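Reviewing the structure listed below.
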Amino acid sequence: MLKEKGVEGTVIDASAINNDIQTDEILSQVAEIKPDLVGITMNALFLKPAYELAQGMKSLGVPIVAGGPHPSIVPAEPVENGCHISVYGEGEHTAVELIDYIRGEKALKDIDGIAWSENGKPVVNKPRALEENLDSFPFADKDIFVRDHYTTDSEFYQVRGGMFTSRGCPAQCTYCNLSVFTRKVRVRSAQNLFQEMKWLNKTYGVT
C-alpha cells in the first residue's frame, strides 16, 4: 500500500530465524536510515522488547507507530509506553493516511483506527471500517525482506510463499482474541489468489 503511494520503506525483522540482531544495532541502523516514520509490530510474545525499542527510539526525533495484534487489543497502551501513535484493527488504509499526516495533509484526529496523545493523554479515534474487497489490496512486497534471514538447509521460510486467503473467523475459541480481523469472514476471489500464486512462482520460484 505504501509503495503504491510512492513511499520508500525498509524492514528490520528482528524475529527472522537467521537475524541475530540486538536492540542497539537496530537503533544504529534506524539512525543511519533517518526515516520520516518508524513502525514497530507488537504482539504479546515480544511486547517487552518492543516497548524497550520504542523508548530507545525517542531520541531519534521521529514519530513511532505501534501496530500488530497487541495495539488492537489495547489501543491506548502503546501511547502510554513511548509510542506517538497506535494503530488498531486493519492497518493498510490507516498506514496510507498516516503518510498524509507526515506530509502535513491530514490531522491525526481525522484518521480512523488510531490512538494518539493529546495534552499528554491518550485519545482513541473511532474504529476503521473493515475492507470488504480484499482483492483491492496489492500482493505483499516480499522484496523488502532479506532473503538470507529466512533460509534453512532444506527450504525458504514462509516469508517467500505465505499467503492470506481470508480474514476473520466465525469460531468462538476462548483463548483467541479477534480484535484485528473480527468474526466477520471475508475472502479473496479464486482468480486473485491464483494470480498471486503465479506471481510467487514466477518471481521467487515458490512451488
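Heavy atoms only, probe 1.4 Å: what % of the accessible area of the chain goes to carbon and sulfur, would you let me know?
Whole-percent figure for carbon plus sulfur exposure: 52.
Under 8 Å for C-alpha pairs, at least 6 residues apart: give me the relative contact order for the chain, rounded to a whole percent.
17
If you check each cysteine of the chain for another cysteine whose beta-carbon is under 4.7 Å away, which ones come up empty?
Result for the chain is Cys83, Cys169, no neighbouring Cys Cβ within the cutoff.
Quickly estimate the mean residue ellipticity at 222 nm for the chain, helices only: each DSSP H run with n ≥ 4 gives -39500 (n - 2.57), and the total goes over all residues, rounded to 500.
That comes out to -8000 deg cm²/dmol.
Quick one: in the chain, what % of C-alpha pairs are over 30 Å apart?
25
Just Ala129, Ala66, Ala54 to compare: in a GNM of the chain, with alpha carbon springs under 10 Å, which one fluctuates most?
Most flexible of the set in this elastic network: Ala129.
Step through the residues of the stretch 166-181 one at a time and calculate ³J(HN,Hα) from phi using the Karplus curve (6.51 cos²θ - 1.76 cosθ + 1.60, θ = phi - 60°), rounding each to whole Hz and writing x for Gly and Pro.
7, 9, x, 8, x, 5, 10, 4, 5, 8, 9, 9, 10, 5, 7, 10
If I take R0 = 41 Å and measure r between the Cβ atoms of Asn119 and Glu8 in this structure, what FRET efficiency does the formula 1/(1 + (r/R0)^6) give, to the nearest 0.05?
Working from the Cβ atoms, E equals 0.80.
Long-range amide H contacts for Glu90: which residues qualify at under 5 Å (H placed 1.01 Å from N, peptide plane, sequence gap of 5 or more or a different chain)?
Those lying under 5 Å, H to H, from Glu90: there are none.
Work out which GluC sites (Glu not before Pro) in the chain are exposed loop sites (DSSP not H, G, I, E or B, at most 13 other Cβ within 10 Å) and give the longest gap free of them.
9-104
According to the square roots a ≥ b ≥ c of the eigenvalues of the Cα gyration tensor, what is the shape class of the stretch 1-50, taking rounded for a/c under 1.5, prolate for a/b larger than b/c otherwise, and oblate for the remainder?
In terms of gyration-tensor shape, prolate.
Let a ≥ b ≥ c be the square roots of the eigenvalues of the Cα gyration tensor of the stretch 165-207; is it rounded (a/c under 1.5), or, if not, prolate (a/b larger than b/c) or oblate?
Prolate shape, in that a/c is at least 1.5 and a/b is the bigger ratio.
If we restrict to alpha carbons, what Rg and Dmax does the stretch 63-175 come to, in Å?
Radius of gyration, then largest Cα-Cα span, for the stretch 63-175: 16.8, 53 Å.
Could you give the longest part of the chain that holds none of the trypsin sites (Lys or Arg not before Pro) found in DSSP loops with at most 16 neighbouring Cβ atoms within 10 Å?
Between the exposed loop sites, the longest stretch runs 1-102.
Just the number please: accessible area per residue for the chain, 1.4 Å probe, all protein chains included, in Å².
61
Just give me a number: lysine pairs in the chain, eight or more positions apart or cross-chain, with C-alpha atoms less than 23 Å apart.
So the count of such lysine pairs works out to 24.
If a/c stays under 1.5 just call it rounded; otherwise compare a/b with b/c (prolate if a/b is bigger, oblate if not). Do that for the stretch 27-98, with a ≥ b ≥ c from the square roots of the Cα gyration tensor eigenvalues.
Judged from the Cα gyration tensor, the stretch 27-98 comes out oblate (a/c at least 1.5, b/c at or above a/b).
The values are calculated or read from the model by the stated rules, or taken from the named source; none is laboratory data. Because the structure is a prediction, the values reported are computed rather than measured. Please note: Cβ atoms are built from the backbone with ideal geometry, for glycine as well, and neighbour counts cover all protein chains shown. The accessibility values were calculated without ligands, DNA or RNA, using every heavy atom of the protein model including side chains. Shrake-Rupley method; radii C 1.70, N 1.55, O 1.52, S 1.80 Å.
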